[in-house]
Amino acid sequence: MIVITTQEIAQYRSELANYEEALVALDAIEDCEGDLEDAAVSLAIKVGQQPDRSNWLDGVAKRCRVAICQEDFREDLLQKKLAATVGYLIEKKICPGILVAPVVIYVVKQGVSEFCEPLNFKL
């Protein structure tokens, strides 16, 4: 379980102030006492998705991996700067806008390098 502190939520709110969907997601995370997975599942249900497994958020993040792990975004994410990646994912509609912030926060909390590592392998 990944828990986001109230301080982290406040920081993300400030950084993502230009993205209404991200602010709604941060409100949901706060309502779930910082539990990222619970908030993401709740948001997914609101947009008509049916989360059906315990590590559902991981699966959503993996479906967005190619976009998230672009070289342009990796350095920012390693420094815990989310705005560029969140903006891109919302603009390109890579996943439902309301789920973008939880997905990107999940990737940062799990570790960007480890998350992106499978894309480094070449056949």
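Rule-based calculations on the coordinates, nothing more; no lab input. Nothing here was measured: the structure is a model prediction, and the numbers come from that model. Glycine gets a Cβ as well: all are built from the backbone with ideal geometry, and neighbour counts include every protein chain shown.
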Fewest-first ordering of Lys62, Lys92 by Cβ atoms within 10 Å yields Lys92, Lys62
Dividing the mean separation of Cα pairs under 8 Å (6+ apart) by the residue count of the chain yields a relative contact order in percent of 29
HN-Hα couplings for the range 23-30 via Karplus (6.51, -1.76, 1.60; θ = phi - 60°), in whole Hz with x for Gly/Pro, come out as 5, 4, 5, 5, 4, 5, 4, 5
Within the chain, the cysteines whose Cβ lies no closer than 4.7 Å to any other cysteine Cβ are Cys32, Cys64, Cys95
Quick calc: nm separation of the 7 Å Cα→Cβ label points for Phe121 and Lys46 -> 3.7
Counted neighbours (other Cβ, 10 Å), sorted fewest up, put Thr85, Thr5 in the order Thr5, Thr85
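Would you mind working out the magnitude of the charge dipole of the range 2-113 relative to its Cα centre, with +1 at each Lys and Arg C-beta and -1 at each Asp and Glu C-beta, to the nearest 20 Debye?
Numbers: 12 positive and 18 negative charges, 90 e Å.
Dipole magnitude for the range 2-113 comes out near 440 debye.
For the chain, what is the calculated [θ] at 222 nm in deg cm²/dmol (nearest 500), taking -39500 (n - 2.57) for each run of four or more DSSP H residues and dividing by its residue count? Write out the running numbers ahead of the final one.
Working: 9 runs with 81 residues, N = 123.
When only DSSP H runs of four or more count, the value is -18500 deg cm²/dmol.
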Given backbone amide H placed at 1.01 Å from N, residues whose amide H is under 5 Å from that of Asp35, ignoring those fewer than 5 places away on the same chain, are Ile4
Surrounding charge for Leu77, neighbours by C-beta under 15 angstrom, Lys/Arg +1, Asp/Glu -1, total -3
Simple spin-label estimate for Glu30/Ser113, 7 Å along Cα→Cβ, in nm, reads 3.4
The exposure ranking of Ile9, Ile45, fewest beta-carbon neighbours within 10 Å first, is Ile45, Ile9
quick shape note, the range 1-121: Cα extents on principal axes in Å, largest first -> 37, 32, 26
